[in-house]
1. Suppose a student asked you for the relative contact order of the range 234-425, using Cα pairs under 8 Å spaced at least 6 residues apart; what percent would you report?
2. What FRET efficiency comes out for the pair Lys427/Gln230, r = Cβ-Cβ distance, R0 = 22 Å, nearest 0.05?
3. Could you list the GluC sites (Glu not before Pro) in the range 250-286 that lie in coil according to DSSP, counting only those with at most 12 other Cβ atoms within 10 Å of their Cβ?
4. So for the chain, taking the charge dipole from beta-carbon charges (+1 Lys/Arg, -1 Asp/Glu), which of His179, Asn106, Ile85 sits furthest toward the positive end?
5. Can you give the charge dipole size of the range 31-177 about its Cα centre, rounded to the nearest 20 debye, using +1 on the beta carbon of Lys and Arg and -1 on the beta carbon of Asp and Glu?
6. Add +1 for every Lys or Arg and -1 for every Asp or Glu among the other residues with Cβ under 11 Å from the Cβ of Val142, and state the total.
7. Averaging the inverse of every distinct alpha carbon separation and then flipping it gives the Kirkwood radius. What is it for the range 53-142, in angstrom units?
8. To the nearest 10 degrees, how steeply does helix 172-182 sit against the main Cα axis of the chain, on a 0 to 90 scale?
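Any read-out appearing in this document is the output of simple, stated calculations on the displayed coordinates, not a laboratory observation. The structure presented is a predicted model; accordingly, all values stated were derived computationally and were not measured. Here the Cβ is made from the backbone with ideal geometry for all residues, glycine too, and neighbour counts use every protein chain on show.
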Amino acid sequence: MNASPFEKTVLPSGVRLILVPIPGVESVATSVMVGVGSRYEEKNTNGISHFLEHMVFKGTKKYPTTDDVNFIERLGGLQNAYTDIDITCYHNKVLSEDWKSGLEINKELALFPRLEEHHVDRERDVILEEMKRYEDEPAAKVGEIFHQMLYPGTKLGMRIIGEEKSLRGATSETLRAYHDLWYHPERTVVVLAGKIGGSDAEAMKKQAKEWFGALPVEKTNGIERVSESQKEPLVRVVTKPDAQQAHITLGVRTFKRGQEERFAWNVFNLLFGVSFTSRLFKEIREKKGLCYTIRSSSDQYEDVGNWSIYAGVATEKVSEAVTGVMTELSKVITSGVTEEEVGVAIKRLKTMIAFRAEDPEFMNEWYGRQEVYHEPIMTLGDYVKRIEAVTKDEINRIVRTYIVGSTLNLSVVWNRPVDESLVQLLKI
């Protein structure tokens, strides 16, 4: 991993261009990322970022129909998009000889959607069906409930997919107004990663400048910042009468994006709750047999963050599973982690990074997200060095800082009513 395996150019409009050469591959992944998502919406427009991402595929200025837009697939490439809480991304992966086509369609999707009214009702119905699918997936629903528990009454706490009422109020006019409000050059990052030779890089920079460099320079407002004040554990239960299993998410508040603690926390998260060698897998699944799936993960935003554990368990064993997880949390607070665990986790992280570095799409995400969030860009090589420097003592310190009883939150989706006794289990 080279010390600086990327090139960044700021175009006259403020659009940022990043090129990431990857030796030994024959493809190029292209992305146009925009720093906007569900936390930038209003209550009455909740879901409009995601709705807009759907609608752009109905036609653009140069490619006016869905069939026209889908030409990347006819080239053998992969085309997709996603909306998140604070980013929307249009991305594809093509053979290196087709990079210009890949970049052009993402440019069209992000900048020049037609947003025709006659497509709005049909696509709204598609999204409402997507919403029903999420409602029928308890594993997804319990995570959504957990997120809403942490950030109630805020834009950050709103659903990415939106609410039925806000979706039904969307029109081509509101979609266009939202696009005009947020899709500005200073929020836009263009990334190409993969087979990029010397002459290719110059051609890419020239083309990006032509397509993105002359856009009007505009500024937009920031986000509604969240302040946290939780003082005691909380439980929220959603009853689904037809649920065959109980789904739980249990977690705590942590730190915002970009904090130095993230390196040690990444190592801790891996050793505690990711895959077969983790404490949770060995103790909760293998020794106690309480679940099939159990895992931990982190979410960091510009102003706040959290860490959570998900498990799917038999309904009658929820209390036992929560107690088991709480026992493991108490153990790690009182006894800490071991040198062996830290060493294994660091090796696993280094290996995972090495594997992912071979994938142009991952590299697009790695560099693009850092740039969208205006973070100092860290190469994978730099990241590995920071991970290698993590110590047992550092992990023990941050675990005791953030895993505290006062910010514990438990969400449950099962076929039973609210059980007030669950909150009594949240004791460290």
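1. Value for the range 234-425: 42 percent.
2. The pair Lys427/Gln230 has a calculated efficiency of 0.90.
3. Here the sparse-neighbourhood loop sites are Glu260.
4. Projecting each Cα onto the dipole axis, the largest value belongs to Ile85.
5. Roughly 300 debye for the range 31-177.
6. +1
7. Taking the inverse mean of 1/r over all distinct Cα pairs, the range 53-142 comes out at 14.4 Å.
8. 80
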